[in-house]
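Scroll down for the structure; my scribbles are underneath it.
Where a number appears in this text, it was derived from the coordinates with a stated rule and is not lab data. All of these numbers come straight from a predicted model, not from anything done at the bench. Cβ atoms come from the backbone with ideal geometry, glycine included; neighbour counts cover every protein chain shown.
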């Protein structure tokens, strides 16, 4: 197993033997779903790190990952299998816990206390977060205490009862010193560490799919940690260490199966060409039937092909949308309760882009819901003085993102909700006769490949297309056009309820940006004064040299003004997107050909809209789309 190298803590306590030792991995905590393997420890002279076994890394195959195959020009494929050959080296696991130095002590009730290795490891996770905004929340502390006690020995549980009586200060100070040491590494140490990371990525960050070397998105398994993402009920819970025995590997039968770390074996190995994941394991927080996956990069051929099929399916919906809407309006106004519930559910999926919502698995803790799992308390019906009828929604959606919306509706929809909610109370399902499976079967009957997600993709892309048509002024400046694009992007993101958490980093970034704007404004004033002096000097002498100086000063001033305009535009976008996750909709729900066509039509450099990573992901769209492409245009089936 490969582990991320980290500075050692000298004179560490002896850890108890827990079977075969695992090599170390990245000790960085990642709440974004990154999955990791491990980086080898430094070898003594004469020893070599085995980083080249497994998936082939020949020069020709390495070249393939840079020279992108233009698969979109090869014609359409009806082959349902996603791949015929898949080979990889498996994931990289988290490093084994490194005990604290002997001079770093935990205190309970002001008395020093030696903790067992497992209890000490979990304690260090809390100590690292003492200054984090999450750790002060009561739910975080309560969940941490509960999970920490689960890994304690019986003797420790008898002593440690109140978190308030625990003193983690020495542990916290120790890790701050470790972080400071990392920051102060010499250039040679930094280069060596970077080379080790590159070696790990070279071995584990790529796979072979149908003869081509493809990048893997997330090959590192998350290290143990305390949950600090969204979801009030699970904040502070312990994310347990993932072992090879927890992992299922997916590869082709004729490939070399990844070698499990020494002393371990894989939980299972499968060979499913209809799945695109390379490895998976159960989510240690959500449990149930929820998994974490190692997947291909968004820029891989396979992901690009899947994206194109997804957007073409959404475009096909455009020719069916009127028929589907007419039918669900009939159901909303109909007599049967099942058809009425299905009609209202379709209305919510179409108009509000709600996710379909599946039944929760046993063990899942977060109270997240979707359309089919809405309950009585999530909906409020209101008739207001303006004569309009409103429905207010308040619930936690996917990833515990709050969904709060007040929507004006027609009488027919309002009456349908009244009938559906009749004789129900808190805790009762809104659509008690309907579930996700039945609704999806209904959608499939309406159009092959139609799902609630296709509706989200369709409506998000149509929102972008329509708002770009409305907001873009052909005669406007580039800055005005780019601002129009971000307003259109924001409209789609709001429809999909794509929110982002704000943090101190956001405030710091805004302060830094304002400081840059102020400095640029001062530089412009200084440049204006310098230009005036140069112009006066030229008026006196009229020499070619003085004229050249004036031209140079004008160029400098114009450049500074352009830089200030860029900073002001960045400030506007930062304010507008402070709580909206614009990139989520851009990557997952907005047909990139809409953006490419708009850029080509209005002569906006694609780099102004797409990041370098997005340009790599959407290379197929950049090559395919002309300025005349429209999402709502006629298409051929894919």
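The table below gives the values:
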{"quantity": "Theoretical gain in end-to-end length, residue 626 to residue 487 [0.36 nm per residue, Cα-Cα removed]", "calculated": "47.8 nm"}
{"quantity": "Pairwise FRET efficiency - residue 272 versus residue 162, Cβ, R0 = 51 Å, nearest 0.05", "calculated": "0.55"}
{"quantity": "Projected label distance in nm at residue 558 and residue 425, using a 7 Å step from Cα toward the beta-carbon", "calculated": "7.5 nm"}
{"quantity": "Cα centroid separation - segment 276-308 against segment 143-195, whole Å", "calculated": "31 Å"}
{"quantity": "Estimated Rh, segment 396-468: Kirkwood, alpha-carbon pairs, angstrom", "calculated": "15.4 Å"}
{"quantity": "Whole-number percent relative contact order across segment 321-446, with pairs defined as alpha carbons under 8 Å at least 6 apart", "calculated": "25 percent"}
{"quantity": "Rough spin-label spacing in nm, given labels placed 7 Å along Cα→Cβ, for residue 139 and residue 600", "calculated": "4.8 nm"}
{"quantity": "Percent RCO, i.e. relative contact order, over segment 503-577, from Cα pairs under 8 Å lying at least 6 residues apart", "calculated": "44 percent"}
{"quantity": "For segment 282-381: span of alpha carbons on each principal axis (Å, largest first)", "calculated": "47, 37, 20"}
{"quantity": "Square roots of five times the Cα gyration tensor eigenvalues for segment 170-216, Å", "calculated": "35, 14, 5"}
{"quantity": "Nitroxide proxy distance, nm - points 7 Å out along Cα→Cβ at residue 474 and residue 377", "calculated": "5.6 nm"}
{"quantity": "Principal semi-axes in Å for segment 503-577 [√(5λ), Cα gyration tensor, largest first]", "calculated": "36, 10, 7"}
{"quantity": "Translational diffusion coefficient (Stokes-Einstein; Kirkwood radius from C-alpha pairs) of segment 321-446 at 37 °C, 0.692 mPa s, in µm²/s", "calculated": "219 µm²/s"}
{"quantity": "Linear extension gain, residue 545 paired with residue 511, 0.36 nm per residue minus alpha-carbon span", "calculated": "8.0 nm"}
{"quantity": "Segment residue 84-residue 408, extension gain: residue separation times 0.36 nm, minus the distance between their alpha carbons", "calculated": "111.6 nm"}
{"quantity": "Antiparallel bridge percentage (DSSP; both residues within segment 321-446; nearest 5)", "calculated": "95 percent"}
